[in-house]
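The values are calculated or read from the model by the stated rules, or taken from the named source; none is laboratory data. Since this is a predicted model, take the numbers as computed values, not measurements. Here Cβ is always computed from backbone atoms with ideal geometry, including for glycine, and neighbour counts include all displayed protein chains. Note: areas computed on protein heavy atoms with side chains; ligands, DNA, RNA excluded. Shrake-Rupley method; radii C 1.70, N 1.55, O 1.52, S 1.80 Å.
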Amino acid sequence: MKGSIMIQGTMSNAGKSILAGGLCRVLKQDGYRVAPFKSQNMALNSFITKEGLEMGRAQVMQAEAAGIEPSAAMNPILLKPTNDTGSQVIINGKPTGIMSAVEYYRRKKEYIPCIMEAYEKLKQRYDVIVIEGAGSPAEINLKKDDIVNMGLAELVDAPVLLAGDIDRGGVFAQLIGTVLLLEEKERQRIKGLIINKFRGDVSILKPGLAMLEERAGIPVLGVVPYFYLDIDEEDSLTERLQKKQSTGLVDVAVIRLPRISNFTDIAPLEAREEAGVRYVSSPAELGEPDAVILPGSKNTIRDLLWMRQNGLEAKILRYASEGGIVFGICGGYQMLGAEISDPEGVEQKGTVRGMGLLPVRTRFTMEKRRTRIQGHFLELRGILKDLSGMEFEGYEIHMGESSPLQGEDPVGSSHAGSLVEFTDITEAENISGAGRLRPDGAQRGNVYGCYVHGIFDAPGCAEGFISALLKRKGYDPSQIQARDWKAYKEEQYDRLADIIRESLDMERIYQIIEKGNDAPCSL
């Protein structure tokens, strides 16, 4: 069987990414070579491939579900918002600059050749391509020159399944309204409807399903229940960022920055029952946690100033002065330093004072570092000393370089040096310093920071972090079992496939893939 199928949604966060990932897993289990594809993605959670190219995390998740190595061809256009009206535009895994929304939409047809080239590359290597749309295909103000929903479906001649989110209410209006706003040739591409995130007894829905099929003239191929699995999400609408209460033995507070990025770094901690991970955005919410994590940011300076203005910075500084554990990753690490300068206007031109918790200063440049890395923790002091020597793999993705203060640290006696040491393992030839071991990050007392995304993914790293917090609170950490994060994620993908098989008419979906747009849309 060769073909494609596209998942579109009635709105953002209707569950397209997870449904596409589930289909990838089912197809893989059934022996097909399958790959995901999304022509244009807007997200702040991204990933670096083995070639040093950047892509959205949703397609990484879907590639993992399909059992294949992520490739930038699966996401040829990535938009990373820098403010309310502009985004960094990444084409084929490489940044091309900042564009306003108006400029991008004026130019987006220029990117059709690169979209088609990427799609054809996948089509030659795989049996089935599972395509994900973006937002809604019925955004009538954006339909002109569409390259991600029905416009893409026409370009690659893909049949479409349309999913609606019943959990937020109004799913029948969502689905029927979307269908009615489409042109006739677009409606003909929709071969099935899916109701997603349902809680309760499906039998209660049956009268509504019959009316939905009658009004839309399109069969309902299944009702997917509301479920929770530990699967990476990339959208800031994700429910995990809404969690405000800690339920574990130790309380980990993650600062929910307005431009938070790569919060998937925290997922291995969230998966542990011992850790109660919650996201906070105000001083009142911070409380007295056992650790504070400052995650990545797409605009480090603005998010630092946001913390300064709302009082979170002062609360974290007081917490750190009392011996509290603070861990910064990428943008969070930059904030912890003494100073951030932006002479070229990468984010906003000028220099701002950092939080002063780590003896480093950061200087932004136009060059974006994109590389996979492999390394280990150096000799750590403070609460996290048991992590010393522990190995990890991860990736760097940032536009600033941080360097230690030279003889300027007013409390230099407590500076323990760099946090980690690693080597670049990216396969690209143009990565400077490839193969050379180099230090990164900084530590002072119980404050730690580095550029490594995925630092908690390696076996033992998340457990070591949580064990240190447990030990400090007087608990015996010896009962914590090391978890293979990759194996755990494989289990989650298999559970997702089980849900998809039980919920959707897979026989009908296979017919749609095989026959493509010629598949009948009969009730």
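Return the percentage of antiparallel bridges among DSSP beta bridges fully within the chain, rounded to the nearest 5 %. Walk me through the numbers on the way to the answer.
Working: 48 of 94 bridges.
Looking only at bridges with both residues in the chain, the antiparallel portion is about 50 percent.
Please sort by residue number the trypsin sites (Lys or Arg not before Pro) in the range 429-512 whose DSSP state is loop and whose Cβ has at most 15 other Cβ atoms within 10 Å.
Working: sites: Arg436, Arg444, Lys471, Arg472, Lys473, Arg483, Lys486, Lys489, Arg495, Arg501, Arg508; in loops: Arg436, Lys473, Arg483.
Counting only loop positions with at most 15 other Cβ atoms within 10 Å, the trypsin sites (Lys or Arg not before Pro) in the range 429-512 are Arg436, Lys473, Arg483.
At a Förster radius of 25 Å, what calculated FRET efficiency corresponds to the Cβ-Cβ distance of Ser478 and Glu391, to the nearest 0.05? Don't skip to the end; give the middle numbers.
Details: r = 21 Å, r/R0 = 0.85.
Efficiency, rounded to the nearest 0.05: 0.75.
How much of the DSSP bridge set in the range 77-212 is antiparallel, in percent, rounded to the nearest 5? Walk me through the numbers on the way to the answer.
Numbers: 11 of 17 bridges.
Percent antiparallel among DSSP bridges in the range 77-212 is about 65.
Which FRET efficiency value, to the nearest 0.05, do you get for Arg33 and Glu154 by plugging their Cβ-Cβ distance into 1/(1 + (r/R0)^6) with R0 = 25 Å? The partial results should precede the final answer.
Working: r = 25 Å, r/R0 = 0.99.
Once the sixth-power term is evaluated, E becomes 0.50.
Can you give the longest run of the chain that contains no chymotrypsin sites (Phe, Trp or Tyr not before Pro) sitting in a DSSP loop with at most 16 other Cβ atoms inside 10 Å? Write down the numbers at each step before the final one.
Numbers: sites that count: Tyr226, Phe227, Tyr228, Tyr475.
Result for the longest clean stretch: 229-474.
If you bin every alpha carbon distance in the chain into 20 Å steps from zero, what whole percent lands in each bin?
Spelled out per bin, shortest first, that is 22, 53, 23, 1.
Run through the range 162-214 and list the GluC sites (Glu not before Pro) located in a DSSP loop whose Cβ has at most 16 other Cβ atoms within 10 Å.
Glu183
Using the heavy atoms of the protein chains alone and a 1.4 angstrom probe, what is the accessible area of the chain per residue in square angstrom?
Values: 21030 Å² over 523 residues.
Computed with neighbouring chains in place, this is 40 Å² per residue.
Using helices alone, what [θ] at 222 nm do you get for the chain, with -39,500 (n - 2.57) per DSSP H run of 4 or more residues, divided over all residues and rounded to the nearest 500? Show your work: numbers first, answer last.
Details: 16 runs with 154 residues, N = 523.
That comes out to -8500 deg cm²/dmol.
With a Förster radius of 25 Å, plug the Cβ-Cβ distance of Asp145 and Asp518 into 1/(1 + (r/R0)^6) and report the FRET value to the nearest 0.05.
The computed FRET efficiency comes out at 0.40.
Report, in degrees rounded to the nearest 10, the 0 to 90 angle that the Cα long axis of helix 312-321 makes with the longest principal axis of the chain.
40
Going by alpha carbons, how many degrees (0 to 90, nearest 10) lie between the helix axis of 112-125 and the longest principal axis of the chain?
The two axes meet at around 80 degrees.
Which pairs break 23 Å Cα to Cα here: Lys50/Lys123; Lys28/Lys206; Lys16/Lys143; Lys2/Lys80; Lys109/Lys143; Lys197/Lys489?
Values: Lys50/Lys123 21 Å; Lys28/Lys206 31 Å; Lys16/Lys143 19 Å; Lys2/Lys80 33 Å; Lys109/Lys143 12 Å; Lys197/Lys489 21 Å.
Distance filter (> 23 Å) returns Lys28/Lys206; Lys2/Lys80.
Taking only Cα atoms, what is the 0 to 90° angle, nearest 10, from helix 461-472's long axis to the longest principal axis of the chain?
The angle comes out near 50 degrees.
Quick one: if you stick a label point 7 Å off each Cα along the C-beta vector at Glu421 and Lys121, how many nm between them?
3.6
With a cut-off of at most 15 other beta carbons within 10 Å, and DSSP calling the residue loop, which trypsin sites (Lys or Arg not before Pro) in the range 138-216 qualify? Please list them. Mind dumping the intermediate values first?
Values: sites: Lys143, Lys144, Arg168, Lys185, Arg187, Arg189, Lys191, Lys197, Arg199, Arg215; in loops: Lys143, Lys144, Arg168, Arg189, Arg199.
The qualifying sites are Lys144, Arg168, Arg199.
Tell me, how many Å apart are the Cα centres for the range 72-89 and for the range 289-349?
24
Tell me, what % of the accessible area of the chain is carbon and sulfur with a 1.4 angstrom probe? Don't jump to the answer; show the numbers that get you there.
Numbers: 10220 of 21030 Å².
Here carbon and sulfur together make up 49 percent of the probe-accessible area.
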